[in-house]
Each structure stands twice: as C-alpha cells, then as structure tokens.
Amino acid sequence: MAQRLFFSVPVPRVTQLALLRQQSALAQAGVRGRPVPAANFHLTLAFLGNVTASQKASLLERWAELVPPDLQLSLDTLHYWAKPGVLALGARRTPIALGQLASALQQDAAHHGLHASRQAFRPHITLFRGASALLPELPEQLEPPIILPCHSVELMLSENGPGGVEYHRLKHWA
Ligand code: ATP
Ligand code: MG
C-alpha cells in the first residue's frame, strides 16, 4: 500500500518551546483555529504524495548520500493562507543551501512520478490550521525572530490517527 511521505527538517525541543509561546501569543491576540501540536511542528522541504514500496526503495537509494544543511533559519514573518486556513511562521530570506536542497528534492520527486510542486519553495512552520479569516490585526514581522537550527533532514510518513494527523520518522540524515 502506498504511503504519504515528505522530507522535512525536524524542530528541536528548544525551538518547539519558542513556537508554542508564539502560538499562545497569537491565540491571546485572538487567532482562532486548531493549534498544531508541538510534536507535529516541522519544516517541509518536499512533499512527495503517495509513494509505493518500490518507489520508496529507489527514493532511498537515490538519496542515500543526502547531505543535510548546516545553517540557521530565521523565522521572522507571519503568513496566512486563507484557502487552507493556515497560519505559519515564514522567513523573509531563504538561505541558499536550504532552497537548493528543497528544489533538488522536489525536482527529483517530480522527475520520478511523485508529487510535482507547482509553487516555489517557501520555508514555513505551520502554527494553526483552520484559522478563521477573521484574523485580528497581526504584525507581519516577528520581532525577535525564532531561530530554527537546520542540521538534519528526515523522511516522514504522514498518517491519519484517531487524534488527527500523525507523522512517523522513516529515516534521518544528520
Ligand atoms: P492535514 O492534511 O491532515 O491537515 P498535514 O497537512 O500536516 O495535515 P499532510 O497533508 O500529510 O499533513 O502533509 C504533510 C506535509 O506536506 C505538510 O507540511 C504539508 O503542508 C505538506 N503538503 C501536503 N500537501 C502538499 C502539497 N500538495 N503541496 C505542497 N506541500 C504539501
Ligand atoms: Mg495537508
């Protein structure tokens, strides 16, 4: 059976705590929606869609030597995407190495019959889903920014559990 997979950068505990504080501040400011649980915070590099067992095996072979980034991402803006009701923290500046890795993973996926991304890579961490369009007046820029150390990459499995979406780590590159 096919699995729903994506590549992401994990969020360390210290950054999870900063993101939780930001989530609370937004809820206090009047944001209504479903807060993403801290365990689910992640930065997607490439969404792959449904992947069969044999596609997964060749994917892992192609990326056996994946070199993870070694940088800090400064999350300094708030993004709201009305259609999915996503409120996320984004970055005004995408570090070149992060953008290159995301593009390489996305192009590889498209080239091998997996999900083809239509939009350019925009690093972000989702804090709320189903956020109502009746957003309070929010600052566009986050001061001070939240820093995400990016030193590893994971291949994640996304499944629907009883309490909502659950991610499971299939492989870790550090
Ligand atoms: P749910 O869809 O249950 O609300 P989710 O969006 O976190 O939860 P998935 O849909 O499995 O779970 O997505 C996993 C990751 O891939 C998320 O970061 C999501 O934003 C991203 N993603 C999902 N679909 C796409 C897509 N069509 N294009 C780009 N990224 C996607
Ligand atoms: Mg989704």
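The values are calculated or read from the model by the stated rules, or taken from the named source; none is laboratory data. Not measured: the values here are computed from a predicted model. Heads up, the Cβs are rebuilt from the backbone with ideal geometry, glycines too, and the neighbour counts pull from every protein chain shown.
Does at least one position in region 101-120 carry a residue that is surrounded by 15 or more Cβ atoms within 10 Å (Cβ to Cβ), within 18 Å of LEU5 (Cβ to Cβ) and touching a His at 6+ places or on another chain (Cβ under 7 Å)? For region 101-120, residues surrounded by 15 or more Cβ atoms within 10 Å (Cβ to Cβ), within 18 Å of LEU5 (Cβ to Cβ) and touching a His at 6+ places or on another chain (Cβ under 7 Å): present. Can LEU26 be described as closer than 23 Å to PHE128 by Cβ, more than 16 Å from ligand 2 (Cβ to nearest atom), touching a residue at least 24 places away in the same chain (Cβ under 8 Å) and assigned to a helix (DSSP H, G or I)? Yes. Within the option set HIS172, HIS115, being of a type outside the set (Asp, Glu) and part of a strand (DSSP E or B) holds for one residue only, HIS172. Kindly indicate the residue of region 135-165 that is of a type in the set (Asp, Glu) and surrounded by fewer than 15 Cβ atoms within 10 Å (Cβ to Cβ) and also farthest from ligand 2 (Cβ to nearest atom) among those meeting that condition. Here the residue is GLU143. For LEU66, indicate whether it is in contact (Cβ under 8 Å) with a residue 60 or more places away in the chain, under 27 Å from PRO136 (Cα atoms), away from ligand 2 (no atom under 16 Å from the Cβ) and out of contact with any Ser or Thr (no Cβ under 6 Å at 6 or more places or on another chain). The answer is no for LEU66. When GLN106, GLN100, GLN72 are screened for being touching a strand residue (DSSP E or B) at 6+ places or on another chain (Cβ under 6 Å), outside any loop (DSSP other than H, G, I, E, B) and closer than 14 Å to LEU45 by Cα, only GLN106 passes.
Give just the number: which of (1) within 16 Å of ligand 2 (Cβ to nearest atom); (2) closer than 21 Å to LEU19 by Cα; (3) modelled with pLDDT under 95; (4) of a type in the set (D, E, K, R) does ARG122 not satisfy? Among (1) within 16 Å of ligand 2 (Cβ to nearest atom); (2) closer than 21 Å to LEU19 by Cα; (3) modelled with pLDDT under 95; (4) of a type in the set (D, E, K, R), ARG122 violates only (3).
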